[in-house]
Amino acid sequence: MRKRIYLMFLTLLIVGCKNNAETTEAMAQVISSDQNTLENVYSPDAIKIIDSKPVLNGLGEISEYYKNENPNLMLAESRFRLGANESRGIFYEILEVKTSKSETLLQLVIWQENEVKELKVCEFEVVSENFKSNVLRSEIDKRRDLWMSYCNAHDVEALVNEVYSANTMYYNHRPLVQGREALIKEYGYMNSPNYSLELNPIIIEVVNKETVFEIGQCKGSYNGKYILVWKKDPDGQWRIFFDSNI
């Protein structure tokens, strides 16, 4: 008998250009290992990141995760949704997901819309502790200011080594950029004396004591939206664990 898994179906309720959170209805449904149901949720080359676990690359690895781990996702509600690059059909969303084990997960999702449907192209998932702290927000503000200081001083090496985690990830294209050395190379264009950038947060979501989601608007040499996942390193400093501006 084939092993079965449970997966939620997400039905997004989008009304016009409404930017505040919409309710997302989810149903637990049994699916088999043929990936048919997952194909309605994830793109074939989607990336799923579960906190600090190894990255799941592509529909095959994501399917294996659901088969083996059986996370029993039951209900999802949208906390925040924003058009990031509407000409490309890109949207950012923060989903609150309930599990049958009474856990609450927060998913930071990048959706891409095609002619038929929206699919997840990247997803960052963390267990939420429903933890709120203005102190954490002020600490993140200081670290963001430091990011802009290094960026606008055209010191990419200092920027990445100081503000990014050693195992940081950057999602803008495939394959995923991983590690400081690779990111320094990727961000080499910031060393140009004509480059300048300002980061303006739109939403900051404190997930737990060690994780903060940030979605914001860039201004300057690049004027698109951005995503940051801040995590507290063992030395007590907040650093960027995940970065995207797709």
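Note down all Cβ pairs under 6 Å where the first residue falls in the stretch 177-201 and is assigned by TED's automatic domain parsing to the domain that holds residue 240 and within 18 Å of residue 229 (Cα to Cα), the second is of a type in the set (Asp, Glu) and not in a helix (DSSP H, G or I), and they're at least six residues apart or on different chains.
Cβ pairs passing all conditions: 201/214.
Would you say residue 116 is part of a loop (DSSP other than H, G, I, E, B), at pLDDT below 95 and aliphatic (A, V, I, L, M)? If you could, list the steps in order and put the result at the bottom.
On the way: part of a loop (DSSP other than H, G, I, E, B): yes; at pLDDT below 95: yes; aliphatic (A, V, I, L, M): yes.
So residue 116 fits the description; yes.
Give me the pairs: first residue in the stretch 43-72 and within 28 Å of residue 239 (Cα to Cα), second residue aromatic (Phe, Trp, Tyr), beta-carbon distance under 6 Å, and six or more apart or on different chains, which are they?
Qualifying pairs under 6 Å: 49/124; 56/65; 62/42.
Assess whether residue 149 counts as being within 18 Å of residue 203 (Cβ to Cβ), among the hydroxyl-bearing types (Ser, Thr, Tyr) and not in a strand (DSSP E or B).
no
Go through the stretch 215-241 and give me each residue that's closer than 18 Å to residue 197 by Cβ, assigned to a strand (DSSP E or B) and among the aromatic types (Phe, Trp, Tyr).
Those that are closer than 18 Å to residue 197 by Cβ, assigned to a strand (DSSP E or B) and among the aromatic types (Phe, Trp, Tyr): 226, 230.
Kindly indicate the residue of the stretch 195-238 that is among the basic types (Lys, Arg) and crowded, with 18+ Cβ neighbours inside 10 Å and also farthest from residue 158 (Cα to Cα) among those meeting that condition.
Selected residue: 225.
Out of all the residues in the stretch 158-194, which are surrounded by 14 or more Cβ atoms within 10 Å (Cβ to Cβ), among the acidic types (Asp, Glu) and more than 28 Å from residue 127 (Cβ to Cβ)?
186
Any chance the stretch 177-188 includes a residue that's within 24 Å of residue 130 (Cα to Cα) and modelled with pLDDT of 95 or more? Before you say what the answer is, go through the steps one by one.
Residues of the stretch 177-188 that are within 24 Å of residue 130 (Cα to Cα), as a first pass: none.
No, the conditions are met nowhere in the stretch 177-188.
For the stretch 219-246, which residues satisfy the criterion of being closer than 16 Å to residue 139 by Cα and hydrophobic (A, V, I, L, M, F, W, C)?
Matches in the stretch 219-246: 228, 229, 230, 238, 240, 241.
The values are calculated or read from the model by the stated rules, or taken from the named source; none is laboratory data. All values derive from a computational prediction rather than experimental measurement. Glycine gets a Cβ as well: all are built from the backbone with ideal geometry, and neighbour counts include every protein chain shown.
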